[in-house]
Amino acid sequence: MKAITLWQPWAWSIVAGKKTVENRPWPPPRAAIGSVIAIHAGKTYDKAGEAFLRDLGLVVPAAAHTHGAIVGTVVVTGYLEKGSLFASGPGADPTHLDPMFFGPYGWKLAGIRSLPTVVPCKGALGLW
């Protein structure tokens, strides 16, 4: 299984079902679309991200401070591309504007599951 590392509180916001699009500078590889990938909470904490989530009315719990561990899994169902209404993958809706999509690419996520017990491990850049 592949994994992707995210700074907190973004990893928490995904596995909590609050964020269903992951912004990346590159589209997901074709092999990732329709695949389950692990969400890894990296060691960095994004205070500006916490403020952004708070502005959306989300309260960031202590669970968002888990670092250096796999915290859940998702299925990549397609992607959005900034600057166009292009969407790809089953169930993609190019008219849906998600407030958490900043681009340039937004990986659409579904089948979100948080792990009852996190799995400590080192992360990496990219899809690993």
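The values are calculated or read from the model by the stated rules, or taken from the named source; none is laboratory data. Remember, it's a predicted structure, so these values are computed and weren't measured experimentally. Calculation scope for accessible area: heavy atoms of the full protein, side chains included, ligands and nucleic acids excluded. Shrake-Rupley method; radii C 1.70, N 1.55, O 1.52, S 1.80 Å.
Remarks
- At a probe radius of 1.4 angstrom, the accessible area of the chain per residue rounds to 53 square angstrom.
- Linear extension gain, Lys82 paired with Leu115, 0.36 nm per residue minus alpha-carbon span: 8.8 nm
- Prolate is the label for region 10-74. Its Cα gyration tensor axes, ordered a ≥ b ≥ c, give a/c of at least 1.5 and a/b above b/c.
- For Val75, the solvent-accessible surface with a 1.4 Å probe is about 40 Å², rounded to the nearest 10.
- Its residue count N sets the reference 2.2 N^0.38 Å, and the alpha-carbon radius of gyration of the chain equals 0.99 times that reference.
- Taking the protein heavy atoms of the chain in the context of the full set of protein chains, the accessible area attributed to carbon and sulfur is 61 percent at 1.4 Å.
- For the chain, built as a Gaussian network whose Cα springs stay under 10 Å, the top-fluctuating residue of Gly78, Gly42, Gly57: Gly57
- Residue-averaged 222 nm ellipticity for the chain, from DSSP H runs of 4+ at -39500 (n - 2.57), nearest 500: -3000 deg cm²/dmol
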